[in-house]
Every structure is written in C-alpha cells, then in structure tokens.
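Each reported figure results from applying straightforward, stated rules to the coordinates on display, with no laboratory input. Predicted model only: the values in this text are computed from it and were never measured. With ideal geometry, Cβ positions are generated from the backbone for all residues, glycine too; neighbour counts draw on all protein chains shown.
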C-alpha cells in the first residue's frame, strides 16, 4: 500500500473521495499521442535533414547559439501538417537559397519544447502547424496555421521560397541534398 501511494504521488494522482484527479504537472507530462503513432510524422521531416528539438534546453541551445538562419517547423498530427505543411517544406527546400539549420518540434507531443520554441515567435499566438524562420536568433518570417490550412502545398512552398530568397544564403542546409 505504501509503495502504491508513493507511485501515485510521483505520478500526481489523487484518489481522494474515490475520484481520479491528476495534478497539472502530471497532465503536462502525458503526451497526447503515443510515440509509435507520431513517429512516421516525425520522420517525414527528420528524413530530409531536420533535427528534432525535444526539450526546452535543446530549443535554447539551437535558437540562441546559432548564427545564420534556422527554420523551425512546429509539426502536428493534424491534416494541415500532413497534407500541406510537411510537403510544402520538402518542396521549398529544393530552392537554391535555404536555411542553414533545419529544426522541428512536435506540438501535443513534446509540449515543453514546443512552448519554448513558440516563445521565440514574438507577436504570434500559438498555432500548429506553423513554420518560423529565424536569423541570428531573431524571428524574421512566420507562417501560421491560418496561412497553411486550405492552401495547396505548392502555394505554401512558394511563400517559403520567397522568404528563403529574402533571408537565407545560397549555402546548402545541413542534411539536404
């Protein structure tokens, strides 16, 4: 009984009065989706050279210490990400000018990392999917969900390549061909 109570406290479970109550911290630690369910969605980006940022420390390490351009894709399980954002990003990376560093966080999965990444997107409410371009740690371009949903991936890719041409050099991004 003592061991069970200790586990419940660690998990943030309170069974007082026969009700299951989870602490805010316990809820925050629980991912919305099982890893094996979202892994193929993660791989759509990691297979084309994106680095996953899964913790706030990883986000800070890249976004505060990188000179040059960093693309941050806030990935998501939704249809907008699957049918529009991820394909658009893959198309846009065929452009001669492109970001030097490619990163991604997964909304609803890596909650703390996503919250940390969004803290760099000043002036924009949280949305997923979304795509941010930073140069020398400063946000220079943002594509929100409202600019992704209902649009063709090629039109979204055109917006991205316009931003790449404006803010990025013609050097190849790490991990791209």
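Inter-label distance, residue 51 to residue 165: 2.9 nm, where each label sits 7 Å from its Cα along the C-beta direction. Listed from fewest to most Cβ neighbours within 10 Å, the set 122, 115, 104 follows the order 122, 115, 104.
The order of 151, 118, going from fewest to most other C-beta atoms within 10 Å of their C-beta, is 151, 118. The stretch 87-123 and the stretch 46-78 have Cα centres lying 6 Å from one another. Sorting 141, 154, 124 by the number of Cβ atoms found within 10 Å of their own Cβ, with the fewest placed first, yields 154, 124, 141.
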